[in-house]
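Single-structure report; data block below.
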Amino acid sequence: MSIKVRYFASLKESIGRSEDNLEFSGLTTVADVWRSANPNKTLPDNILTAVNMDYVELNSAVKDGDEVAFFPPVTGG
Amino acid sequence: MEIKIYAESFDPLKEVQVYQSSAKDMAGKFGATNIFIGTMRDFNEGDDITGMTLEYYPGMTEKQLEKIVAEALRQWPVIDALVVHRVGDILPNEPIVLVAVWTSHRGDAFDASRYIMEALKSRAPFWKKELLKSQAERWLLKNTDGYL
């Protein structure tokens, strides 16, 4: 299955790219997506995660065609 | 209800005036309008700030703002609401955010707009990067809780 991964703000700068397109087989979670996309970098504790533009937990499942996003705490307003 | 994201500077009071005058079905129904405007300062954490870049997540930002406003509409008898937020490069003294809420009575207008604003600060995907007078750049790490 195909998963689009997106990164924003300081996290995007620290890993040096704004998105990945990954292929998985079998059941996958948001945490699995991070580990596959960034095998040498531990996910920072404060990072927020979303699937298809809704906030989710790291153990949430992802499915084919999902867009998974990782980003730091929000600072708008 | 309307959510707007602007990449250019905007006039918040004009936004309220235009929105209110175009919402004909609201005329005569509202007795209270609460308007919150957030404006960029030229100082933060002891440093002079000369500019700021606001990044956002197109699609998710609007989706989360719509959810937040919908939550407010479920909790208070809100007649209408308008949320406007800047993105891109911003200068001190330019407005960043507008939350306007129309209700029959003032208490609901205050409470609903406060709810929207605090939820926006903690859940709407925007990120600020400040440009200091020294030319250094820094990302803001987190928003403070407005109730503390």
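Derivation of every value follows stated rules applied to the coordinates shown; laboratory data play no part. Predicted model only: the values in this text are computed from it and were never measured. Here Cβ is always computed from backbone atoms with ideal geometry, including for glycine, and neighbour counts include all displayed protein chains.
In table form, for the structure just shown:
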quantity: Cβ-defined net charge surrounding residue B:50, 14 Å radius [Lys, Arg +1; Asp, Glu -1]; calculated: -2
quantity: Computed lengthening from residue B:70 to residue B:93, 0.36 nm per intervening residue step minus Cα-Cα distance; calculated: 5.3 nm
quantity: Counting DSSP beta bridges with both ends in chain B, the antiparallel % (nearest 5); calculated: 85
quantity: Average Cα contact separation per residue, chain A, under 8 Å, 6 or more apart, as relative contact order %; calculated: 42
quantity: Gained length - residue A:31 relative to residue A:46, 0.36 nm times residue gap less alpha-carbon distance; calculated: 4.0 nm
quantity: Label-to-label distance, nm, for residues given as residue B:106 and residue A:23 (7 Å Cα→Cβ offset); calculated: 6.5
quantity: Selection of chymotrypsin sites (Phe, Trp or Tyr not before Pro), the stretch B:87-148, meeting DSSP coil and at most 10 other Cβ within 10 Å; calculated: B:147
quantity: Over chain B, relative contact order from alpha-carbon pairs under 8 Å, at least 6 apart, %; calculated: 34
quantity: Alpha-carbon centroids, the stretch A:1-15 and the stretch B:1-63: separation in whole Å; calculated: 28
quantity: The stretch B:1-133 - charge dipole about Cα centre, Lys and Arg +1 at Cβ, Asp and Glu -1, debye rounded to 20; calculated: 360
quantity: Neighbour-count ranking [beta-carbon atoms within 10 angstrom, fewest first] of A:24, B:30; calculated: A:24, B:30
quantity: Charge context of residue A:26, other residues only, Cβ under 12 angstrom, K/R +1, D/E -1; calculated: -2
quantity: Residue B:43/residue B:144 FRET efficiency (R0 22 Å; Cβ-Cβ; nearest 0.05); calculated: 0.90
quantity: Per-residue ³J(HN,Hα) for the stretch A:19-24, Karplus 6.51 cos²θ - 1.76 cosθ + 1.60, θ = phi - 60°, Hz, x for Gly and Pro; calculated: 7, 9, 10, 10, 10, 10
quantity: Rounded to 5, the percent of DSSP beta bridges in chain A classed as antiparallel; calculated: 75
quantity: GNM flexibility winner over chain B from B:106, B:138, B:114 (Cα, springs under 10 Å); calculated: B:138
quantity: Formal net charge of residues neighbouring residue B:30 (Cβ-Cβ distance under 12 Å; K, R +1; D, E -1); calculated: -1
quantity: Nearest-20 debye value, the stretch B:48-98 charge dipole, Cβ charges on Lys, Arg, Asp, Glu; calculated: 240
quantity: Listed residue (B:10, B:60, B:43) projecting farthest to the positive dipole end of chain B, Cβ model; calculated: B:60
quantity: GluC sites (Glu not before Pro) lying in DSSP loop within the stretch A:15-77, provided at most 11 other Cβ fall within 10 Å; calculated: A:57
quantity: Gaussian network model of chain B, Cα within-10 Å springs - most flexible of B:100, B:70, B:81; calculated: B:70
quantity: Residue among B:103, B:33, B:50 with the largest mean-square fluctuation in a Gaussian network model of chain B, springs linking Cα atoms under 10 Å; calculated: B:50
